[in-house]
Amino acid sequence: MSASPARSERGRRPRGSVTAEGILDAAERVAAESYERLTMRAVAAELAASPMALYRYFATKDDLIDALLDRVLSRFEPDPPTDDWLEDLRRFAVAHHRVLAAHPQAITSLFNHPTPGRSATGIGELALGILRRGGLTGADAVAAFSGLLALNYGWAAFATARSTAPPGDPRDAPTLRNALLSLPAQAYPLTVEVAEDLSRYGSEEHFERALGHALTGIGAVAAAGPGPRGARSSDRSDG
């Protein structure tokens, strides 16, 4: 049989047949379970190419990971805008949450590689535009945007950990519920009271509630108008 035109006789692709998109496709397959598996050599093996062929497009492993993370965030799909900026902010947060939930293996790397690519910058630009419509600019807008990001990334991190917990693991809902219910009620009355709800932490239902609370706060700040933030009530009093 003749050799495939995409491979050399030695089983490797000719250097010119390797593209940046092809490298990212291979990198995504390698990192499907964990980004810890991602190395230049592993991606080259997935491509049946020489590791040196990758360096033409990505000088370091970090450059490759940054490009792969940017690709993940490029899958963010916002809903069309409405005439309600706060509803649009909710939809923005849900769409961002959806992307993270679809790529749980990328969460840790997104924390460790904070350099914003074009996709991340575009996501931020959209959020800042929505907040501006609500009258929030400057530090207030950045704080609101950062708070939503923190909610989404944090939620994705522990929701992913819970979703992979086997039965009997302390993170497994029935196991956690039984452990909470076994606590002495006199010492931990409030915890025992909400044991059922606590056993479902990280659920989509709780995410929607937490997001709603965050948006209520952001809406209240916007309604209050410009002014100093974070001052104690006693500092704002007339007396």
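No lab work stands behind these numbers, since they all come straight from the coordinates. What you are looking at is a predicted structure, and each value in this text was computed from that prediction instead of being measured. When we count neighbours, we look across all protein chains shown, and the Cβ atoms used for this are built from the backbone with ideal geometry, even at glycine.
A few comments on the model shown:
- Extension gain from A45 to A150, taking 0.36 nm per residue of separation minus the Cα-Cα distance: 34.2 nm
- Net +/- balance of residues flanking I123 in space, Cβ distance below 12 Å, scoring K and R +1, D and E -1: -1
- Kirkwood-based shape ratio for segment 70-214, expressed as Rg/Rh from alpha carbons: 1.05
- Tail fraction, Cα-Cα pairs, segment 167-223, threshold 14 Å, whole percent: 63 percent
- Computed over every Cα-Cα pair of segment 110-154 and binned at 5 Å starting from 0, the pair-distance distribution P(r) comes out as 5, 22, 28, 27, 14, 4, 1 percent.
- Inter-part distance where segment 109-128 and segment 178-229 are each reduced to a Cα centre, Å: 27 Å
- Using distinct alpha-carbon pairs, which all enter the 1/r mean, Kirkwood radius of segment 35-149 in Å: 15.8 Å
- Shown is the FRET efficiency for L128 and Y201, computed with R0 = 41 Å from the Cβ-Cβ distance and rounded to the nearest 0.05: 0.85.
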